[in-house]
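Remarks on the structure that follows.
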Amino acid sequence: MLVGYAAGGPADTVARLTAQWLSERLGQQVVVENRVGAASNIAAEAVVRSPPDGYTLLYVTISNAVNATLYDKLSFDILRDIVPIASITSSPAVLEVNPSFPAQTVPEFIAYAKANPGKINMASAGPGSAPHLYTELFKMMTGVDVVQVHYRGSGPALPDLIAGQVQAMFDPIASSIAFIRAGKLRPLAVTTGTRLEVLPDVPTVGDFVPGYEASGWYGIAAPKNTPAEIVTRLNAEINAALADPRMRASFADVGTAVLPGSPAEFGKLLADDTEKWGKVIRAANIKVE
């Protein structure tokens, strides 16, 4: 199972939990290999070029949907060259601010941003990252003018947010929940369509910005032409994991929520987010260096 991200983060953790489950259920070892680089495109290309025999799998994330538009010259088409197997979990995000920031709610944040155009510095995990795109979507839907400050991931961004070097950020809950619970960051709203069990008192962005919804997700895919019986078997085993109380608790511990479904449903999610974020990237004229 090729993962396009470094070991230790939420994406890698979900991948390893899934691999361990599959190893036990299939009776053969499923090995996670972190093939890092080019925003996960290196891992994706390696899987696309692999034999369609079920022995090489791609750990798919929202980045794969984003990259379809973000990169002009990919040697593969993610929608054409893989076969979706199963979604695993969703990865919700939260709009959070430094505790000294004057806004206590999303309407107050919007009002402050409009009264102080270009004065709010919002951290991002890098050009084309989920936090970057979530902010661009927020800007498009509210008309606010905020400044994106790009970091090399959430890890380097969060200390600056806590220290007040930047004022706000859209960040995956998995990265920020410990700081929120410790009072080092103030959550204004979650990016999902409904409130989350992990932050039950925090409203959604959509409560104040109708139609706003943005979440990451993790899933599994294989090279195109992988036999249907392999896809069906792997989908069944992953959905069994998502129904297991211990696995659900393990996924919740890293700030994700189970996302069961069929291969077709996962394929639709990938296609829908490729279109959705493609529009945002083109409208905001986002480029990668």
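Among the residues of region 240-256, write down those that are touching a strand residue (DSSP E or B) at 6+ places or on another chain (Cβ under 8 Å) and either of a type in the set (S, T, N, Q) or closer than 16 Å to residue 60 by Cα (or both).
256
Assuming residue 213 fulfils every condition listed in (1) of a type in the set (D, E, K, R); (2) touching a helix residue (DSSP H, G or I) at 6+ places or on another chain (Cβ under 9 Å); (3) in a helix (DSSP H, G or I) apart from one, which condition is it?
(3)
Just to be sure before I move on: is residue 89 buried (at least 23 other Cβ atoms within 10 Å of the Cβ) and either closer than 18 Å to residue 274 by Cβ or acidic (Asp, Glu) (or both) in the structure I sent? Give the derivation first.
On the way: buried (at least 23 other Cβ atoms within 10 Å of the Cβ): yes; either closer than 18 Å to residue 274 by Cβ or acidic (Asp, Glu) (or both): no.
No.
Check residue 170 against each of (1) outside any strand (DSSP E or B); (2) of a type outside the set (Gly, Ala, Ser); (3) not assigned by TED's automatic domain parsing to the domain that holds residue 266 and name the one condition it does not meet.
(1)
Residue-by-condition table, conditions (1) aliphatic (A, V, I, L, M); (2) touching a strand residue (DSSP E or B) at 6+ places or on another chain (Cβ under 6 Å); (3) not assigned by TED's automatic domain parsing to the domain that holds residue 257:
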{"position": "131", "(1), (2), (3)": "no, yes, yes"}
{"position": "137", "(1), (2), (3)": "yes, no, yes"}
{"position": "142", "(1), (2), (3)": "no, no, yes"}
{"position": "164", "(1), (2), (3)": "no, no, yes"}
{"position": "197", "(1), (2), (3)": "no, no, yes"}
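Just checking, which of 100, 91 is at pLDDT 95 or above and either in contact with a helix residue (DSSP H, G or I) (Cβ under 8 Å, 6 or more places away or on another chain) or in the same structural domain as residue 157 (by TED's automatic domain parsing) (or both)? Full working, then the answer.
Working: 91 fails: at pLDDT 95 or above.
When all the criteria are applied, what remains is 100.
Count, please, the residues in region 114-150 that happen to be assigned to a loop (DSSP other than H, G, I, E, B), within 17 Å of residue 66 (Cβ to Cβ) and either touching a Pro at 6+ places or on another chain (Cβ under 6 Å) or at pLDDT 90 or above (or both).
Going through region 114-150, the residues assigned to a loop (DSSP other than H, G, I, E, B) turn out to be 116-120, 125-129, 143-146.
With within 17 Å of residue 66 (Cβ to Cβ) added as a condition, the list becomes 125-129.
Add one more test, that the residue is either touching a Pro at 6+ places or on another chain (Cβ under 6 Å) or at pLDDT 90 or above (or both), and what stays is 125.
Total satisfying the criteria: 1.
Residue 260 versus (1) outside any loop (DSSP other than H, G, I, E, B); (2) farther than 25 Å from residue 8 by Cβ: which is the lone unmet condition?
(1)
Suppose we keep only residues that are surrounded by 15 or more Cβ atoms within 10 Å (Cβ to Cβ) and not aromatic (Phe, Trp, Tyr) within region 17-32. Which one would you say is nearest to residue 87 (Cα to Cα)? So that I can check it myself, show each step before the final result.
Quick first cut of region 17-32, residues surrounded by 15 or more Cβ atoms within 10 Å (Cβ to Cβ) only: 17-22, 25, 30, 32.
Remaining after also requiring not aromatic (Phe, Trp, Tyr): 17-20, 22, 25, 30, 32.
Values: 17: 14, 18: 11, 19: 14, 20: 16, 22: 14, 25: 18, 30: 17, 32: 17 Å.
Step by step, filter region 17-32, then rank; the result is 18.
As an exercise: evaluate residue 230 against (1) among the aliphatic types (A, V, I, L, M); (2) part of a loop (DSSP other than H, G, I, E, B); (3) more than 20 Å from the chain's Cα centre (by Cα) and give the number of the one condition it does not meet.
(2)
Consider residue 38 against the criteria (1) surrounded by 17 or more Cβ atoms within 10 Å (Cβ to Cβ); (2) under 28 Å from residue 282 (Cβ atoms): it satisfies all of them except one. Which criterion is unmet?
The one condition residue 38 does not meet is (1).
Under the condition of being among the aliphatic types (A, V, I, L, M) and outside any helix (DSSP H, G or I), which residue from region 1-28 is farthest from residue 243 (Cα to Cα)?
Filtering region 1-28 down to residues among the aliphatic types (A, V, I, L, M) leaves 1-3, 6-7, 11, 14-15, 17, 19, 22, 26.
Still in the list and also outside any helix (DSSP H, G or I): 1-3, 6-7.
On the way: 1: 21, 2: 24, 3: 23, 6: 27, 7: 25 Å.
Among them, the one singled out is 6.
The values are calculated or read from the model by the stated rules, or taken from the named source; none is laboratory data. Because the structure is a prediction, the values reported are computed rather than measured. Positions of Cβ are backbone-derived with ideal geometry, glycine not excepted, and every protein chain shown enters the neighbour counts.
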